[in-house]
Amino acid sequence: DLATALNDRGQIKYLRVEFAAAVEDYTAAIACQPGFEVPYYNRGLVLYRLGCFDEAIKDFRKVLELNPQFEDAALSLKQAILDKEEKQKRGY
């Protein structure tokens, strides 16, 4: 389906380090199928790598709302929260 195709295309862009384009594809996949948790997770990973912790945390929480058994999302959420706190402690 279209949401899966957009997510997959986003993955290819992510692997090419085309982060902005990957986020666009993941966002389009979410718009097509808001209950599909995988593009939220993938977008969260990109946002995390870019240091956008609040946005990444929001995406990881959405994944867990849609699928509480998604262990990688739970681990990523914990790491994003820790890294955000560390960043705040350092003052940047």
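The values are calculated or read from the model by the stated rules, or taken from the named source; none is laboratory data. Remember, it's a predicted structure, so these values are computed and weren't measured experimentally. Please note: Cβ atoms are built from the backbone with ideal geometry, for glycine as well, and neighbour counts cover all protein chains shown. Ligands, DNA and RNA are stripped out before the accessible areas are found, and what is left, the full protein with its side chains, is counted by its heavy atoms. Shrake-Rupley method; radii C 1.70, N 1.55, O 1.52, S 1.80 Å.
Observations on the structure shown:
- The set of residues in segment 7-61 that are within 21 Å of residue 84 (Cβ to Cβ), in a loop (DSSP other than H, G, I, E, B) and open to solvent by less than 80 Å² (accessible area, probe 1.4 Å) comprises 51, 52.
- Tabulated pairs, segment 79-92, first modelled with pLDDT of 95 or more, second outside any helix (DSSP H, G or I), C-beta under 9 angstrom, 6+ apart or interchain: 83/51
- Cβ pairs under 7 Å, 6+ apart, first in segment 1-22 and more than 18 Å from residue 49 (Cβ to Cβ), second part of a helix (DSSP H, G or I) and among the small types (Gly, Ala, Ser): 3/29; 6/28; 6/29
- Of all residues in segment 33-62, those that are acidic (Asp, Glu) have Cβ atoms under 6 Å from Cβ atoms of residues that are buried (at least 20 other Cβ atoms within 10 Å of the Cβ), 6 or more apart or on another chain, in 37/63; 55/47; 59/40; 59/43; 59/44.
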